[in-house]
Amino acid sequence: MHIVIRSLTIALLIVTVSPPFIRAQDAEWKIGLARTKITPPQPVFMAGYASRNKPYESIHDDLYAKALVLEDKAGTRAALITTDLIGFAAEIARPLRERIAEKTGVPVKSVLINSSHTHTGPTLSLDPTPREGKSQADATRTVEYTNMLCTKIVEIAAEASGKLQPAKLSWNTGVVHFVMNRRESTTERGVILGVNPRGFADRSVPVLRIDDPSGKMLVVVCGAASHNTTLGGEVYDISADYAGHAQRQIEEQHPGAQAMFVLGCAGDANPYPRGTHEISLTHGKELAREVERVLTTKLQPVRGPLKTAFGEASLPLAAPPSREELEKRAAAKGGAMPWVAQQMLAKLQRGEKLPTTYECPLAVWQFGDDLTLVALSGEVVSDYVRMLEDALGPNRLWIAAYSNDVYGYLPSARVLREGGYETRGLYSGGIGLLAPDAQDVLVAKVRELAQAVGRKLPSGAQ
């Protein structure tokens, strides 16, 4: 009798702690997965710090691109690509998304490319013109790498779309503590890149778990909202920084599963502390541990149908500086500001008018009534988390940034008023500085897209 009772007790415990079994034909979703290593095969210049003056010297840890294709019961598909890279400018991301759509059948509006914004990865460019002290050979190698990278990403997207399997989705949210607001106020220099423990930062860790019908985990998509800048400009080692370490830790704990990282509104947040590979690994372990903790909690089901919307917000640009001021900025050294000023001057010298708006891509994915994924482009400061929570409601909401076009910083009106590093302007495509009311235009467009996919919005929100 004792043996029978003990056996029943063990069986009940197994049922209690294991994810519920679902029949394949009853699965809400089908998913496909693929991945590829994207570590540059030969030394190229690195992205993220203007102080670097030579190609990378060694590989500390490899970089990856990963693909997840989702399909709901009605056959609606979407594709998420995550990458251990600085970010894709529009001139690279736009044709890449179109190629993915052509190869997979996923509508281009439903293709989302996110980057971890690691500052110890390769520069991306399709422009063979050398600049910023680089040789023609350096520029050529960067273009060759970028073309190879895009081809690899199209291949894994096609691979993932060709091997769909039944799946179940669930999610919850955790928190990490290494995310630090970096806008430090000083008496002499105004707002500098530093450490601001009192400043707002989004420390949430959204976690999406995807299981097969038996309850075995196939993939976990997780996020954080901190620059991948644990390592500084003096480092010439290729590394995915904390995001790469976290993904590797998760995959080691769940053999056969794929871990994917989606960066949040990290425009004004850095890891804390910073400086070494050991610290980067520590941050990665913290993130992985928190993901593991969340996976042990009662996750909320994520059901269909899947609805996606894509649009562009015409963000207003501020009136440009005088030609004299542009010449002064163009002659300065360091950062992206000289490059922005140089491009603006070049346009004026060609007799062209400077643009008055920048077309900022935005995407919203709605999973039934259970979850809304908002994908912003650019280096978005954390103020937008609060603004979008007010506009859309704070629950069942995942806010990502660095998606589809990393054109420069997206500051809030407050950040523009205070000044500092995040107000430097658009270093890709737009050629200008954003106006304070850009934030209102962006939030209104996101709200419009959220309404289009059926998110229930709070009454009275603007």
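The values are calculated or read from the model by the stated rules, or taken from the named source; none is laboratory data. Just so it is clear, the model here is predicted, and its values are computed rather than measured. Positions of Cβ are generated from backbone atoms using ideal geometry, with glycine treated the same way; all protein chains shown enter the neighbour counts. The area values use the complete protein model at the heavy-atom level, side chains included, leaving out ligands, DNA and RNA. Shrake-Rupley method; radii C 1.70, N 1.55, O 1.52, S 1.80 Å.
Residue by residue through region 73-83, note down the ones that are open to solvent by less than 10 Å² (accessible area, probe 1.4 Å) and not β-branched (Val, Ile, Thr).
Passing the criteria: 78, 79.
So residue 351 clears everything in (1) in a loop (DSSP other than H, G, I, E, B); (2) in contact with a helix residue (DSSP H, G or I) (Cβ under 9 Å, 6 or more places away or on another chain); (3) at pLDDT 85 or above except one condition, right? Which one?
Condition (2) is where residue 351 drops out.
Applying the selection to region 128-151, what residues are open to solvent by 50 Å² or more (accessible area, probe 1.4 Å) and within 24 Å of residue 101 (Cα to Cα)?
144, 147, 148, 151
So residue 346 passes all but one of these: (1) of a type in the set (Gly, Ala, Ser); (2) open to solvent by 10 Å² or more (accessible area, probe 1.4 Å); (3) under 25 Å from residue 115 (Cβ atoms). Which condition number does it fail?
Condition not satisfied by residue 346: (3).
Taking region 216-243 only, how many residues are under 30 Å from residue 166 (Cβ atoms) and in contact with a Leu (Cβ under 8 Å, 6 or more places away or on another chain)?
9
Could you please give the count of residues in region 180-199 that are closer than 16 Å to residue 232 by Cα and touching a Lys or Arg at 6+ places or on another chain (Cβ under 7 Å)?
The total comes to 3.
Does residue 140 fit the bill of being out of contact with any Asp or Glu (no Cβ under 6 Å at 6 or more places or on another chain) and at pLDDT below 95?
Taking the combined requirement at face value, the residue does not satisfy it.
Answer yes if at least one residue in region 194-205 is farther than 15 Å from residue 381 by Cα, surrounded by 19 or more Cβ atoms within 10 Å (Cβ to Cβ), modelled with pLDDT of 95 or more and not acidic (Asp, Glu), and no otherwise.
yes
State yes or no: is residue 455 in a helix (DSSP H, G or I) and at pLDDT 95 or above?
no
Taking the condition acidic (Asp, Glu), closer than 15 Å to residue 439 by Cα and either surrounded by fewer than 22 Cβ atoms within 10 Å (Cβ to Cβ) or without any contact (Cβ under 8 Å) to a residue 40 or more places away in the chain (or both), does residue 359 pass?
Taking the combined requirement at face value, the residue satisfies it.
Looking at region 210-230, can you tell me whether even one residue there is open to solvent by less than 10 Å² (accessible area, probe 1.4 Å), assigned to a helix (DSSP H, G or I), at negative phi and modelled with pLDDT of 95 or more?
No, region 210-230 contains no residue that is open to solvent by less than 10 Å² (accessible area, probe 1.4 Å), assigned to a helix (DSSP H, G or I), at negative phi and modelled with pLDDT of 95 or more.
Out of everything in region 385-420 that is of a type in the set (D, E, K, R) and open to solvent by 10 Å² or more (accessible area, probe 1.4 Å), what residue ends up being farthest from residue 359 (Cα to Cα)?
396
With respect to the numbered conditions (1) without any contact (Cβ under 8 Å) to a residue 60 or more places away in the chain; (2) within 28 Å of the chain's Cα centre (by Cα); (3) assigned to a helix (DSSP H, G or I), which one is the sole condition not fulfilled by residue 384?
Among (1) without any contact (Cβ under 8 Å) to a residue 60 or more places away in the chain; (2) within 28 Å of the chain's Cα centre (by Cα); (3) assigned to a helix (DSSP H, G or I), the lone unmet condition for residue 384 is (1).
Restricting the search to region 180-201, which residues are assigned to a strand (DSSP E or B), touching a helix residue (DSSP H, G or I) at 6+ places or on another chain (Cβ under 9 Å) and either of a type in the set (Asp, Glu) or within 30 Å of residue 292 (Cβ to Cβ) (or both)?
Of everything in region 180-201, nothing turns out to be assigned to a strand (DSSP E or B), touching a helix residue (DSSP H, G or I) at 6+ places or on another chain (Cβ under 9 Å) and either of a type in the set (Asp, Glu) or within 30 Å of residue 292 (Cβ to Cβ) (or both).
Restricting to region 384-410, what's the tally of residues that are of a type in the set (D, E, K, R) and under 30 Å from residue 125 (Cα atoms)?
The number of residues fulfilling the criteria is 1.
Taking region 219-237, which residues are free of Cβ contacts under 8 Å to residues at least 60 places away in the same chain and within 20 Å of residue 374 (Cβ to Cβ)?
226 - this is the single residue of region 219-237 that is free of Cβ contacts under 8 Å to residues at least 60 places away in the same chain and within 20 Å of residue 374 (Cβ to Cβ).
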